[in-house]
Amino acid sequence: MSDSHGRKSLIEKIIEQQPLAEHIIFLGDGASEMEEVSYIYPEKQYHIVSGNCDFNSNYKSTDTLTVCGVKIMFTHGHNYRVKYCTDDLENEARSLYAQIVLYGHTHVSNIEYKDGLYIVNPGTVSSSYLVIDIAAKAIVPIIVNV
């Protein structure tokens, strides 16, 4: 999920729609709301980065996570100038040997696959979010419209 901008109820609604989700990744601009929601649903594992609107946040702006042997880089994206292109983001993900890179900031959902790397933006929680099913030898990213 990304870019909630104060809409905590939408985050809660999305988590309730995905009861089997084990990991919740939040891509910034609403990190404090996401942290509040993490106390409501403590059985999930939360991974949060801060965005350009997360003032005074203690979260990193970029982080990585490995799930079922798949390395995921996740960031808000503003430090990689994703509103113009994703080249810098893609280069960073490849330097970290990630198989998936997640970003927000643009509020536009998008899934690309380039030479072994998924480059994915879930959009904003007011319109969409991302579900990634990672199984043996398969990665299936799906944008879900709200």
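Where a number appears in this text, it was derived from the coordinates with a stated rule and is not lab data. Keep in mind the model is a prediction, meaning the values are calculated, not measured. Every residue, glycine among them, receives a Cβ derived from its backbone with ideal geometry; neighbour counts consider all protein chains shown.
Some points to look at:
- The residue of the range 108-124 that is surrounded by the most Cβ atoms within 10 Å (Cβ to Cβ), among those that are in contact with an Asp or Glu (Cβ under 8 Å, 6 or more places away or on another chain) and assigned to a loop (DSSP other than H, G, I, E, B), is Thr124.
- Pairs meeting the criteria (first residue in the range 59-77 and acidic (Asp, Glu), second residue crowded, with 23+ Cβ neighbours inside 10 Å, beta carbons under 7 Å, at least 6 apart or on different chains) are Asp63/Val49; Asp63/Phe74.
- Close pairs from the range 108-120: first under 14 Å from Asp88 (Cα atoms), partner of a type in the set (Ser, Thr, Tyr), Cβ under 7 Å, at least 6 apart: Ile119/Thr86
- For Val140, the criteria (1) free of Cβ contacts under 8 Å to residues at least 60 places away in the same chain; (2) more than 19 Å from Ala21 (Cα to Cα) hold in every case but one, which is (2).
- Of residues in the range 69-87 being assigned to a loop (DSSP other than H, G, I, E, B) and of a type in the set (A, V, I, L, M, F, W, C), the one surrounded by the fewest Cβ atoms within 10 Å (Cβ to Cβ): Cys85
- Evaluation of Thr66 against the conditions (1) over 14 Å from the mean Cα position of the chain (by Cα); (2) of a type in the set (Ser, Thr, Tyr); (3) exposed (fewer than 15 other Cβ atoms within 10 Å of the Cβ) shows that the sole unmet condition is (1).
- Selected residue (criterion: surrounded by the fewest Cβ atoms within 10 Å (Cβ to Cβ)) from residues of the range 23-55 that are assigned to a strand (DSSP E or B), β-branched (Val, Ile, Thr) and without any contact (Cβ under 8 Å) to a residue 60 or more places away in the chain: Ile24
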